[in-house]
Each structure stands twice: as C-alpha cells, then as structure tokens.
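Written out below as structure tokens is the structure these notes cover.
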Amino acid sequence: MIFDMVKKALLAGLGVQQSVQNFLDDLVKKGELSDGDAAKLLKDWINKTEESAQELEKKINEGVSKTLSVMNLPSRQDISRLEKQIEDLSKLLRASKS
C-alpha cells in the first residue's frame, strides 16, 4: 500500500516536472526569462523536490519502524543475529560429533 502511494507520487512528480519545464520554456520563448535563469529555476526546483522526497522517505521509514516496534516484530538485525547464532551453534554441534 505504501509502495503504491509512493509510486503514484513519483509518477505525479514526473508529470509536474514536465509541466514546470514546459512553463519555463514558454517564458523563455516569450522573452520573459533567460535560458540561464530558466535552467537555474528548474535545477533549484528539482533540488527542492529531491529534498522533499528524502524527507518523506525518512518520515515513512520512521513510521514503519514505529509500527513494527509497536507490533513487537523482529527487525532485520534481530533475524540476522539469530541466523548467526544458529549457524554458530550448528558448527559447534558438528564439531562435537567429530
């Protein structure tokens, strides 16, 4: 569900970026904006968009982590640690049988 929401947001963002690019191109064609200014505005807008996306990703990750914590589910680290312990115990068992 979260993946679908993020996917839709990214696709919408691509559409918005194209709209911004078209808008700036129109301003350049009308002589209301120089090519350099348009490029800078687009770059600034893309940078702000990327920062916003990173902040959204951070908030989603925090929310998922909190939810998993409340649900008392093991983390990837917990599972990796347990797998290592099982591997170590298996090695000890094999060694003691020899």
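Straight-line reach only, C-alpha to C-alpha below 29 angstrom: list the lysines that Lys97 could link to, leaving out same-chain residues fewer than 8 apart.
Cα-Cα hits under 29 Å: Lys84.
Hey, could you pull the Cα Rg and Dmax for the range 2-73, both in Å?
17.6, 60
Enumerate by residue number the trypsin sites (Lys or Arg not before Pro) in the range 22-88 meeting two conditions: DSSP loop (anything except H, G, I, E, B), and at most 15 other Cβ atoms within 10 Å of the site's Cβ.
Lys30
Starting with the highest mean, order 19-26, 89-96, 31-38 by the number of other Cβ atoms within 10 Å, averaged over the residues of each peptide.
19-26, 31-38, 89-96
Asp37 to Ile60: FRET efficiency via 1/(1 + (r/R0)^6), r the Cβ-Cβ distance, R0 30 Å, to the nearest 0.05?
Efficiency at R0 = 30 Å is approximately 0.30.
Toward the positive end of the charge dipole of the chain, about the Cα centre and with charges on Cβ (Lys, Arg +1; Asp, Glu -1), which of Gln85, Ser52, Ser19 goes farthest?
Highest projection toward the positive end goes to Gln85.
Where does the chain land at 222 nm, in deg cm²/dmol rounded to the nearest 500, when only DSSP H runs of n ≥ 4 count, each adding -39500 (n - 2.57), divided by all residues?
Here the helix-only value at 222 nm equals -32000 deg cm²/dmol.
Evaluate the charge dipole of the chain about its Cα centre and quote only its size in Debye, nearest 20, assuming +1 on the Cβ of each Lys and Arg and -1 on the Cβ of each Asp and Glu.
Here the chain has a charge dipole of around 700 debye.
Values quoted throughout were computed directly from the atomic coordinates according to the rules given, and no laboratory measurement underlies them. Only a predicted model underlies this, so the values are computations on that prediction, with no experimental measurement involved. Quick reminder, even Gly has a Cβ in these numbers, built from the backbone with ideal geometry, and neighbours come from all protein chains shown.
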